[in-house]
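Presented below is the structure to which this report refers.
The values are calculated or read from the model by the stated rules, or taken from the named source; none is laboratory data. Because the structure is a prediction, the values reported are computed rather than measured. Because the Cβ atoms are built from the backbone with ideal geometry, glycine has one as well, and the counts that use them run over all protein chains shown.
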Amino acid sequence: MLIEATGRDTASLFAALGDRTRLSLLTKLSDGKTRSIAGLSAGTDLTRQAVTKHLRVLEEAGLVISSKVGRESQFAFRPEPIDEIRAYLDSVSQQWGDALSRLQAFVET
């Protein structure tokens, strides 16, 4: 399991993002507006229970945050974990780039 300096489990973030339904929910929430489960399930074939299940995975990964407004929970996108993933991937990319440069130098000598 990959752990970043922030303590966030990078693997769980990738797992949460590895589902089309969850990506679709994040896309809907990425405009910065909060939405209820009913609002997120409207116009889809998903039941409210299915949306709730996917939102819980996203919330556990830190990608969404919920708050109670009256009897409903409202969900909002949190971009910080995406920034952490981007930084992680940049780091891995740099490591691979460095390794390939060393390999190229070795092969050329």
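Cβ separations smaller than 9 Å between residues 6+ apart or across chains give the following pairs from segment 38-51 residues that are within 17 Å of residue 19 (Cα to Cα) to residues that are of a type in the set (Phe, Trp, Tyr) and at pLDDT 95 or above: 40/75. Residues in segment 83-109 that are of a type in the set (Val, Ile, Thr) and modelled with pLDDT under 90 were compared, and the one that is farthest from residue 10 (Cα to Cα) is 109.
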